[in-house]
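Down below is the structure, laid out as structure tokens.
No lab work stands behind these numbers, since they all come straight from the coordinates. Small disclaimer: the values here were computed from a predicted structure and weren't measured. For neighbour counting, all protein chains shown are included, and Cβ atoms are generated from backbone atoms with ideal geometry for every residue, glycine included.
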Number of protein chains: 2
Amino acid sequence: MLPLALTMGDPAGIGGELTLRAWHALRDTERWFIALDDPDRLAALAAAIGCDVPIRLVTDAADAAGIFRDALPVLPVRLAVPGVPGRPDKANARAVIGSIERATALAMRGAVGGVVTNPINKAALYDAGFAYPGHTEFLAALTGAPGKQIMMLASPQLRVVPVTVHASLRDSLAMLNTDMILAAARTTHAALRRDFGIARPRLAIAGLNPHAGEQGALGDEESTIIAPAMTALRAEGIDVSGPWPPDTMFTAAARARYDVAICMYHDQALIPLKTLDMDHGVNVTLGLPIVRTSPDHGTAYDIAGKGVADPTSLIAAIELAALLTERRSAALGGA
Amino acid sequence: MLPLALTMGDPAGIGGELTLRAWHALRDTERWFIALDDPDRLAALAAAIGCDVPIRLVTDAADAAGIFRDALPVLPVRLAVPGVPGRPDKANARAVIGSIERATALAMRGAVGGVVTNPINKAALYDAGFAYPGHTEFLAALTGAPGKQIMMLASPQLRVVPVTVHASLRDSLAMLNTDMILAAARTTHAALRRDFGIARPRLAIAGLNPHAGEQGALGDEESTIIAPAMTALRAEGIDVSGPWPPDTMFTAAARARYDVAICMYHDQALIPLKTLDMDHGVNVTLGLPIVRTSPDHGTAYDIAGKGVADPTSLIAAIELAALLTERRSAALGGA
């Protein structure tokens, strides 16, 4: 079983302490990882929050085999200045970006099974030449798959894929079209088959409007935009249902009837996911040549360095990345 | 303790059987009601679904005192043709409307404590001259309070008030303005104080956009429309917080910090409410001179007459109406 590569994230955020906590939670399991991080800052952080973690420097992923139970393997990515919790510093932008680049390179050459990213703060990276709206687009560029990536949020109760993501609600409505729904549904369908082991994924397509438009009385996007996508997907043999009234499609009874909900906008997907389970949500990027997951929260500057950050979502992200890696390598005839 | 008036709803829907089930559930409690319904159809329905309910005809609310434990008091509203489950009939529109009118009249003259409405199907009523988008607007007109009514959905976990309601998402965005938020928040604040016994209600105001607009990067309605409303509400001494990122404001931890969420559109309010609890949601109309609640579901033609409809939401609506009636009469110096 290959390790995963875990990135540094913003050194002013909670990523470092989550990494330390995750090692404690997972050291006796098969879900092992290498941190692409600054060993000095991790050691200082471990002391500061009273979380004892032996650190072992490695120069390549192959060196890390067999040591995870006893120490956290760290492939060093040095900070320019010490990371101060809660205080992002542009001087460290190159290290933050470098951690992501090296993790991705390890995954592309098969030295690690996949990449798990700690949260970054884009604003702190822009001056260093980071020209992407976020992690996902950066990874797409690094792996040569720009424009095809799809964000899925997965928790034990629910998987959701928002068709429009980081735009205002007004802009999301303006940009939503049949092709975007098709692309999201096709990528999701392929990923659920390949990486999630679901032979015939059931996709529930959300309506856009209240009551899914009530036959046009409350909006017509269900018939003009969503229905044509569903017709095309069915013609491709994909199991789709909908368009469902958004307010009743996330109940337990409704969720039992599908494997993933294709949602029309960010909050239609994220409100039910986070309301049902704030802690175990994992962000999975579909449509990349590599496995990539991340916790479903941000840098949390307000609590960084205090030792109170909850590692549940990062641990869930590591566990899911390991599972997806296993499935993918099994499908390739490996392991 | 005054009884409540329970309307017939669409005789082709599940209202009748819910009424029968609610009587069984509540007959030994103080939460008693009079059905404004056709006694023959209720008797036939009781036989059809095997739910034994003695029916006692009354000619006024005062006649019903003391009999609820032994029989369901029915103030007759006769159907023109027998109600057939699953098959709405325009011939019965006058009876459906008449039931609502008589229940409201009883409440307006203080003969009942409040009105609980079974679900209707507006389409089946339009030919009979029903000219309202729904129950709420009809009740507002009947009670002389047009244009001031606000819909609140309440469950044991969450109360939500959507500022825009039955319009397409696109139209909801176009019509949303500061005055609408102000009106919804003021009416909600007054109702929580008077009818819900909350001395200093805490109102959480939702953002409109993902991440509440991320300081304008993902939309500016938070600063142009929502913030001015919050400033005005604070000046009036109302405890408001926000604008909150919509996806994280409905977690258990977040919900503990407010008494009601003021939401910008239908599904922002209804998705979390129904996802958390599909069965116990109650629709409460605020801003009327009378107490009015209803179950949070529709006519459910697909299961009508089969005896399988779940009365939980109607029972919750009756219990909440009784509670609001008690509080209101106590506030007026009554019993």
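Charged side chains reduced to their Cβ positions (Lys and Arg at +1, Asp and Glu at -1) give chain A a dipole of some 600 debye around its Cα centre.
Qualifying trypsin sites (Lys or Arg not before Pro) in segment A:229-335, where qualification requires a DSSP coil assignment and no more than 16 other C-beta atoms within 10 Å, comprise A:ARG257, A:LYS306. Using Cβ point charges alone (K and R +1, D and E -1), the dipole size of segment B:150-287 about the Cα centre works out to roughly 480 debye. To test your reading of the geometry: what angle, between 0 and 90 degrees and rounded to tens, separates the Cα axis of helix B:39-49 from the longest principal axis of chain B? Roughly 80 degrees, rounded to the nearest 10.
Backbone phi angles across segment B:203-214, fed through the Karplus curve with coefficients 6.51, -1.76 and 1.60 (θ = phi - 60°), yield HN-Hα couplings of 9, 9, 9, 6, x, 9, 9, x, 6, 6, x, 6 Hz in residue order; Gly and Pro are listed as x.
Between A:THR29 and A:ARG109, take the C-beta separation as r, use R0 = 35 Å, and let me know the FRET efficiency to the nearest 0.05. About 0.90, to the nearest 0.05. Averaging the sequence gap over all C-alpha pairs within less than 8 Å and six or more residues apart, then dividing by the number of residues, gives chain B a relative contact order of 24 percent. Note on chain A: antiparallel DSSP beta bridges, both residues inside, total approximately 30 percent of the bridges counted. Suppose each label sits 7 Å from its Cα in the direction of the beta carbon; what would the A:ALA256-B:ALA91 distance come out to in nanometres? With each label placed 7 Å out from Cα toward Cβ, I get 3.9 nm. Summing Cβ point charges (Lys, Arg +1; Asp, Glu -1) relative to the Cα centre of the protein assembly as shown gives a dipole of roughly 200 debye. Taking square-rooted eigenvalues a ≥ b ≥ c of the alpha carbon gyration tensor, is segment A:150-287 rounded, prolate or oblate, where a/c under 1.5 means rounded and, failing that, a/b exceeding b/c means prolate? It comes out rounded by the Cα gyration axes. Of all segments of chain A bounded by GluC sites (Glu not before Pro) found in a DSSP loop with no more than 12 other C-beta atoms within 10 Å, the longest spans A:31-235. Sequence-distant contacts, meaning Cα pairs under 8 Å at least 6 residues apart, place the relative contact order of segment B:150-287 at 42 percent. With a cut-off of 12 Å between beta carbons, the residues surrounding B:ALA154 carry a summed charge of -4, where Lys and Arg count +1 and Asp and Glu -1.
Of the trypsin sites (Lys or Arg not before Pro) found in segment B:95-147, those that fall in a DSSP loop while having at most 14 other beta-carbon atoms within 10 Å are B:ARG109. Which residue, B:ALA44, B:ALA93, B:ALA229, tops the fluctuation ranking in a GNM of chain B built on C-alpha contacts under 10 Å? Ranking B:ALA44, B:ALA93, B:ALA229 by mean-square fluctuation puts B:ALA44 first. Take the residue pairs A:LYS122/B:LYS274; B:LYS148/B:LYS274; B:LYS274/B:LYS306; B:LYS148/B:LYS306; A:LYS274/A:LYS306 and return only those whose Cα atoms are more than 31 Å apart. Among A:LYS122/B:LYS274; B:LYS148/B:LYS274; B:LYS274/B:LYS306; B:LYS148/B:LYS306; A:LYS274/A:LYS306, the Cα-Cα distance tops 31 Å for A:LYS122/B:LYS274; B:LYS148/B:LYS306. The angle separating the long axis of helix A:178-194 from the principal Cα axis of greatest extent in chain A is about 60 degrees. Of the beta bridges in segment A:176-308, as assigned by DSSP with both residues counted there, near 30 percent are antiparallel. For the protein assembly as shown, DSSP calls about 30 percent of its internal beta bridges antiparallel.
The fewest-to-most ranking of B:SER172, A:SER155 by surrounding Cβ atoms within 10 Å reads A:SER155, B:SER172. Across the identical copies, the 7 Å label point of B:ILE198, projected outward along Cα→Cβ, sits 3.7 nm from its counterparts, in ascending order. Label point of A:HIS24 (7 Å along Cα→beta-carbon): distances to the other copies' equivalent points are 5.4 nm, sorted ascending.
Rounded to the nearest 10 degrees, the angle from helix A:93-108 to the longest Cα principal axis of chain A is 70 degrees.
Listed values for segment A:59-67 are Karplus-derived 3J(HN,Hα) couplings in whole Hz (6.51 cos²θ - 1.76 cosθ + 1.60, θ = phi - 60°), namely 9, 7, 4, 4, 5, 7, 4, x, 9, and x replaces Gly and Pro. With its label point defined 7 Å out from Cα along the Cα-to-Cβ axis, B:GLY298 lies at 3.8 nm from the matching points of the other copies, in increasing order. A Förster radius of 30 Å, combined with the Cβ-Cβ distance separating A:ALA331 from A:ALA141, puts the computed FRET efficiency at roughly 0.70. If R0 equals 25 Å, the separation of the Cβ atoms of A:ALA48 and A:ASP302 corresponds to a calculated FRET efficiency of about 0.90.
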